[in-house]
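Please treat every number below as a calculation from the coordinates, not as lab data. The model shown is predicted, which means the values in this text are computed figures rather than measured ones. Backbone-built Cβ (ideal geometry, glycine too); neighbour counts: all protein chains shown.
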Number of protein chains: 2
Amino acid sequence: MSLLVVGTVAFDTIHTPFGKVEKTVGGAATYIALSASFFTKNTGIVSVIGEDFPNDTLSELNKRNINIDGLQVIKGGKSFYWSGKYHEDLNNRDTLITELNVLADFNPIVPKQYLDADFLMLGNLTPAIQQKVMSQMKKKPKLIVMDTMNFWMEAMPAELAKTIAMVDVLTINDAEARQLSGEYSLIKAAKKILKMGPKYLIIKKGEHGALLFDSKQIFFAPALPLEDVFDPTGAGDSFAGGFIGYLDKTQDISFDNMKRAIIFGSAAASFCVEKFGIDRLLEVSEDDIHERIKEFISLVQFDIPLK
Amino acid sequence: MSLLVVGTVAFDTIHTPFGKVEKTVGGAATYIALSASFFTKNTGIVSVIGEDFPNDTLSELNKRNINIDGLQVIKGGKSFYWSGKYHEDLNNRDTLITELNVLADFNPIVPKQYLDADFLMLGNLTPAIQQKVMSQMKKKPKLIVMDTMNFWMEAMPAELAKTIAMVDVLTINDAEARQLSGEYSLIKAAKKILKMGPKYLIIKKGEHGALLFDSKQIFFAPALPLEDVFDPTGAGDSFAGGFIGYLDKTQDISFDNMKRAIIFGSAAASFCVEKFGIDRLLEVSEDDIHERIKEFISLVQFDIPLK
């Protein structure tokens, strides 16, 4: 049981219709690892931060058995910084600031003890960095999951396609699936994207849930309808973290188990959005997750006897 | 087993990104009754048409045991006519033409044999007409389901609120639920709307599925992801028709049976959108519906043993 997570560890300034938070801890790897830690107890992070990053957060990661041997601290450097503003509907956001800082020269180095990790989660990053991590692995992980975004589709489509061809599962949102495939129908989009290499595709639809495709089957999981969605930042990463954390815990990559993993990922994401940044994830217990799973079951299960 | 359906029987001119069809048969009651006829065999329509309405369609209704004693034919009159154009994403549309024609002076008269109908479906119409139908019923139906739209929320909110207070189930889309309640969160919106009178609320989210609320429970049904969505016109009405048709067939209005009814309604809607207007509904068999139910089960069912 071991999971390697690569991605940003960063600061975010977030504006939502409900308030604003300045330079709170964020980053794809942070959300992924925290969310995975509800399930698996051996997660390592590969990332880079500056000297400005708070020790408190590093202690929180340690407390959850998240190994940070692969987290480079650059002397005198500043951590990656993003600022964004959500629209009234929370489904769209504008990026206000992106400061790469220490991420600009990031050269990922996988710690020895994770060179044979069972599961590898490539959070959204330059495709070249995602490739560099894959190339360091001593044995092929059971499953490589890759997240990416529209920015790379526009800036470096060839490099992105090469990276996508190397992974088992691609996770993108619905707009990105349409952009990557040139197809409006998500079914047609999925067929084209699966031909690019991955065996599985997860299309994230935010408050409208998520779809899992392989070449033969489709599974749909709703997002839990919530009384208050406070801050969507990190929801996709929390989803991915819960997904791969559950797979690592169970060591079962069948389609049926991936369905379960998607429900656990959705449960983790449903907590993430209830407070700013990672605040809610730090409060949640395994029991809370299980309570929420019950809500998912009650939300979607029905019983129709087949003829 | 009997179902009374009130609503428009009309002509539509529909522009979608995939083509255009001129003056095809449409109307809420047409879609509702056709879709209900997959399940229940005793449906009556209350509506009004002009002399321009094709006899062929009336024969098609008859063939499906849809009683048209309550369908008034106005001599020299023209049927209600709507024309609309869908945006590229098919989730939004602009109305180009609305000609009320014979609908302007419509005075609904419920035929004797439907005055004690078990189920009453009020398709989208002036709230006053929906009320007139309810007031004619000799006994309270087991369930009254009402559809409405944003137009009435703006044009006559008091009259609409009075009508909503008289029904058991209200069906509206997500934007309308937000407008009617003044709440963005659909959970909060549902709580407010249920306080207006109905025991149940169905929020239709188009390609993103539908939510069923009562004061204690929530059920979510996805829309079936389709390779091609050709024309969304009538999808909501087909959904409502399948929903109430299944309830009339089974004569069971428990929450658990409503869940099943929503899946059957979603199956009917998933066929409706595959061709222009009512064309696809006229081709589909009960067996086709059951095949599609299997797809729904495979799409959403998962198995997580509870602790």
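Among the residues of region B:267-281, not a single one is among the hydrophobic types (A, V, I, L, M, F, W, C) and either surrounded by fewer than 18 Cβ atoms within 10 Å (Cβ to Cβ) or at positive phi (or both).
Among the residues of region B:1-59, those that are of a type in the set (D, E, K, R), on the phi < 0 side of the Ramachandran plot and touching a residue at least 24 places away in the same chain (Cβ under 8 Å) comprise B:12, B:41, B:51, B:52.
With respect to the conditions (1) part of a loop (DSSP other than H, G, I, E, B); (2) within 14 Å of chain A (Cβ to nearest Cβ); (3) among the charged types (D, E, K, R), residue B:275 lacks only one, and its number is (2). The condition of being under 19 Å from the mean Cα position of the chain (by Cα) and of a type outside the set (Lys, Arg) does not hold for residue B:89.
Residues that are farther than 14 Å from residue B:48 by Cα and loosely packed, with under 13 Cβ neighbours inside 10 Å within region B:99-116 comprise B:112, B:115, listed in sequence order.
Where helices (runs of 4 or more DSSP H) sit wholly within region A:164-264, those with at least 2 residues that are in contact with a helix residue (DSSP H, G or I) (Cβ under 7 Å, 6 or more places away or on another chain), farther than 24 Å from residue A:2 by Cβ and within 14 Å of chain B (Cβ to nearest Cβ) occupy A:174-181, A:186-194.
Restricting to region A:278-307, name every residue that is within 12 Å of chain B (Cβ to nearest Cβ) and β-branched (Val, Ile, Thr). A:289, A:293, A:297, A:300, A:304 - these are the residues of region A:278-307 that are within 12 Å of chain B (Cβ to nearest Cβ) and β-branched (Val, Ile, Thr).
Residues in region A:95-147 that are closer than 18 Å to residue A:198 by Cβ, within 18 Å of the chain's Cα centre (by Cα) and of a type in the set (A, V, I, L, M, F, W, C): 11 in all. Evaluated against (1) among the aliphatic types (A, V, I, L, M); (2) more than 17 Å from the chain's Cα centre (by Cα); (3) surrounded by 16 or more Cβ atoms within 10 Å (Cβ to Cβ), residue A:203 falls short on exactly one condition, (2). Residues that are over 22 Å from residue A:148 (Cβ atoms) and touching a residue at least 24 places away in the same chain (Cβ under 8 Å) within region A:236-263 comprise A:249, A:251, A:255, A:259, A:263, listed in sequence order. Among the residues of region A:278-295, are any within 22 Å of residue B:210 (Cα to Cα), in a loop (DSSP other than H, G, I, E, B) and β-branched (Val, Ile, Thr)? Scanning region A:278-295 turns up no residue that is within 22 Å of residue B:210 (Cα to Cα), in a loop (DSSP other than H, G, I, E, B) and β-branched (Val, Ile, Thr). Selection of region A:218-266 for residues being surrounded by fewer than 24 Cβ atoms within 10 Å (Cβ to Cβ), farther than 21 Å from residue B:188 by Cβ and among the acidic types (Asp, Glu) yields A:252, A:256. Scanning region A:27-60 for residues that are of a type in the set (A, V, I, L, M), part of a helix (DSSP H, G or I) and crowded, with 22+ Cβ neighbours inside 10 Å yields a total of 6.
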